[in-house]
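Student: Quick one: structure below, then a few questions.
The values are calculated or read from the model by the stated rules, or taken from the named source; none is laboratory data. Since this is a predicted model, take the numbers as computed values, not measurements. Methodologically, a virtual Cβ is constructed for each residue, glycine included, from the backbone with ideal geometry; neighbour enumeration extends over all protein chains shown.
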Amino acid sequence: MLVDVELFTCHSDNFGVLARDRETGAAMLVDAPEEAPILEAIGRTGWKPSLLLVTHHHHDHVEANLALKRRFGLRIVGPEAEADRIPGIDETVREGDALALGSQEIRVIETPGHTAGHVCYHLPAAGIVFTADTLFALGCGRLFEAPPETMFASLGKLAALPGQTAVYCGHEYTLSNARFALSVDPGNERLKARAARVEALRAQGKPTLPTTIAEELATNPFLRAADPAIRKTLGMEAASDAQVFAELRRRKDSF
């Protein structure tokens with residue numbers, strides 16, 4: 001691994017992420033859900049962050065921005081489209097922009113859907129993507145500020161990343177996502193096996209991350225709108241992929 005990732009829980013189900021470039025020792029945070037667990041992770045690892053990457057403006061992702069900036073002098077980077085809603089922001093980014101964590105390049109992918117300006121951060125050499133509330137393990141984010149077609153296109157960008165890419169998302173929703181996935185894709189043997197692994201991990205209090213793009217393509221219904229079995233279950237054999245995605249999201253909202 002070129003980059004070490006320390007994953008930890010904030011609040012009830014948010015994930016905090018502290019990452020370090022092995023070559024240079026440079027460290028960063030991805031989102032700032034809660035100060036105390038972040039400080040605990042920094043103390044535990046000894047990795048002092050100089051950078052905070054923000055994915056979107058929701059409070060449970062920016063709550064600790066200002067406290068951490070005061071403590072560490074962090075440079076806070078976030079999406080240009082949401083700059084006025086991100087506390088302490090120093091620099092804005094948009095699609096195609098590049099940042100650095102020590103020797104590692106970070107590429108910005110705009111993924112509107114959950115919010116209108118949501119971004120994800122891809123470290124291509126390390127084979128890691130931080131997807132926050134766009135792509136979840138076995139799920140995707142709720143659509144608060146954009147229509148289904150927009151989120152569908154955003155998920156398509158992430159689905160096009162190399163299959164071995166490790167995915168770190170923003171919440172531990174995998175168990176409920178697995179149960180929904182089985183309701184719309186009941187014949188998927190790989191999904192059944194994955195759901196059983198998820199049940200076992202959660203029973204032990206362990207996180208279900210990271211996942212991979214390949215695993216999501218095989219088991220996440222929100223990336224499988226073209227699958228004939230899912231379409232048949234929904235009774236939408238003749239619908240467009242975007243229409244199938246929208247129906248999946250509608251059903252998940254009330255599942």
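Student: Do the conditions hold for residue 72, that is, is it aromatic (Phe, Trp, Tyr), crowded, with 16+ Cβ neighbours inside 10 Å and touching a residue at least 60 places away in the same chain (Cβ under 8 Å)?
Tutor: no
Student: What do you reckon, is residue 242 more than 28 Å from residue 121 (Cα to Cα), part of a helix (DSSP H, G or I), in contact (Cβ under 8 Å) with a residue 40 or more places away in the chain and more than 19 Å from the chain's Cα centre (by Cα)?
Tutor: Here the answer is no, as residue 242 does not meet what is asked.
Student: Restrict the check to the range 40-55 and report whether at least one residue is within 27 Å of residue 96 (Cα to Cα), surrounded by fewer than 19 Cβ atoms within 10 Å (Cβ to Cβ), touching a residue at least 60 places away in the same chain (Cβ under 8 Å) and in the same structural domain as residue 144 (by TED's automatic domain parsing).
Tutor: no
Student: Additional query: Do you know which residues across the range 155-176 are more than 12 Å from the chain's Cα centre (by Cα), touching a residue at least 12 places away in the same chain (Cβ under 8 Å) and within 23 Å of residue 239 (Cα to Cα)?
Tutor: Across the range 155-176, the qualifying residues are 157, 159.
Student: Let me ask something else about it. What is the one condition in (1) more than 12 Å from the chain's Cα centre (by Cα); (2) in a loop (DSSP other than H, G, I, E, B) that residue 209 does not satisfy?
Tutor: For residue 209, the failing item is (1).
Student: Which one of these does residue 187 not meet: (1) within 22 Å of residue 17 (Cβ to Cβ); (2) surrounded by fewer than 22 Cβ atoms within 10 Å (Cβ to Cβ)?
Tutor: Failed condition: (1).
Student: In contact with an Asp or Glu (Cβ under 9 Å, 6 or more places away or on another chain), assigned to a loop (DSSP other than H, G, I, E, B) and over 19 Å from residue 81 (Cα atoms), is that true of residue 115?
Tutor: Against the criterion (in contact with an Asp or Glu (Cβ under 9 Å, 6 or more places away or on another chain), assigned to a loop (DSSP other than H, G, I, E, B) and over 19 Å from residue 81 (Cα atoms)), residue 115 does not qualify.
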